[in-house]
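Asker: This structure is in structure tokens; I'll ask about it shortly.
The values are calculated or read from the model by the stated rules, or taken from the named source; none is laboratory data. Predicted model, so just to flag it, every value in this text is computed and none were measured. No Cβ is skipped: glycine too gets one built from the backbone with ideal geometry, and neighbour counts run over all protein chains shown. Only protein heavy atoms, including side chains, enter the accessible area calculation; ligands, DNA and RNA are left aside. Shrake-Rupley method; radii C 1.70, N 1.55, O 1.52, S 1.80 Å.
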Amino acid sequence: MSDTVIRKTPKELHEQRARLIASTGLSEEVLRERGEAFQLYPEHQAVWDTVQSIDYLLDGAEPPKSEPCTADTLRSNLLHALDFAQCANLGYATPEQMLDAYDTAHATEQTVDDRQTLAAALSGLETLIVTSSRDWGTYRVDAWIWAVLVGWDCEEDQHNASCSHEALEGVAAAHGWTDDTVAKARRYHDAVRRLTAEAETGGAR
């Protein structure tokens with residue numbers, strides 16, 4: 001074991017030393033105090049003994065200058081800092097599994113946040129459109145915007161004489177839209193309607 005350590009450069013020894021200390025979940029000061037007082041668990045005592053051996057080999061060598069950390073470097077450092085026993089207590093077999101679970105949860109939370117932000121934005125656009133004095137059926141582009149964001153079909157649960165059930169077909173005929181275009185407009189609007197519902201249930205961001 002000592003042969004392997006001796007072959008390492010000072011920089012590698014400093015890095016190994018930092019990883020060993022991080023693996024205990026203790027600060028260097030606490031590890032030192034408990035080690036000198038013989039109050040360490042066996043696995044931490046083994047780490048402390050190795051750290052002392054590394055310090056002997058370094059013999060006062062200055063730690064390498066820190067360099068900007070990349071995402072991969074930070075993840076690697078976190079893996080070394082996570083204790084296997086702690087991960088097991090939380091239901092993870094390895095530190096890698098625990099970090100993967102964190103990455104997945106973080107990505108999911110970001111996706112939900114983005115969807116709620118987009119939902120609020122679309123809901124706001126719909127409000128601006130329906131409260132404007134513009135005739136949204138006159139021009140082809142305006143009619144398409146209304147079809148997607150507001151919808152030409154009646155969406156009331158209870159219908160009355162003011163409901164228009166063939167408005168989209170009438171707009172489509174006026175602007176030369178094909179059946180495929182009409183189907184696409186309804187599909188897009190349904191997606192917008194499902195998303196804007198999240199602004200009401202999840203709240204705007």
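Asker: Go through the residues of region 54-62 one by one and say whether even a single one is modelled with pLDDT under 65 and open to solvent by 70 Å² or more (accessible area, probe 1.4 Å). Can you show your working first?
Answerer: First pass over region 54-62, keeping only residues modelled with pLDDT under 65: 60-62.
Right, trim to open to solvent by 70 Å² or more (accessible area, probe 1.4 Å) and you get 62.
For region 54-62, residues modelled with pLDDT under 65 and open to solvent by 70 Å² or more (accessible area, probe 1.4 Å): present.
Asker: Looking at Ala161, is it closer than 30 Å to Lys184 by Cα, open to solvent by 50 Å² or more (accessible area, probe 1.4 Å) and either part of a helix (DSSP H, G or I) or at pLDDT below 85 (or both)?
Answerer: The answer is yes for Ala161.
Asker: Out of curiosity, is Val148 assigned to a helix (DSSP H, G or I) and either modelled with pLDDT under 90 or surrounded by 14 or more Cβ atoms within 10 Å (Cβ to Cβ) (or both)?
Answerer: Details: assigned to a helix (DSSP H, G or I): yes; either modelled with pLDDT under 90 or surrounded by 14 or more Cβ atoms within 10 Å (Cβ to Cβ) (or both): yes.
Yes: the conditions hold for Val148.
Asker: Can I ask one more? Which one of these is open to solvent by 70 Å² or more (accessible area, probe 1.4 Å), in a helix (DSSP H, G or I) and modelled with pLDDT of 80 or more: Glu29, Glu96, Glu109?
Answerer: Glu29
Asker: Please find, within region 124-139, the residue that is most open to solvent (accessible area, probe 1.4 Å) out of those that are part of a loop (DSSP other than H, G, I, E, B) and hydroxyl-bearing (Ser, Thr, Tyr).
Answerer: Filtering region 124-139 down to residues part of a loop (DSSP other than H, G, I, E, B) leaves 131-139.
Cutting the leftovers down to hydroxyl-bearing (Ser, Thr, Tyr) gives us 131-133, 138-139.
Values: Thr131: 104, Ser132: 48, Ser133: 126, Thr138: 74, Tyr139: 146 Å².
Per the criteria, the residue is Tyr139.
Asker: Return only the number of the condition from (1) polar (S, T, N, Q); (2) at pLDDT below 85; (3) closer than 16 Å to Pro10 by Cα that Asn77 does not satisfy.
Answerer: (3)
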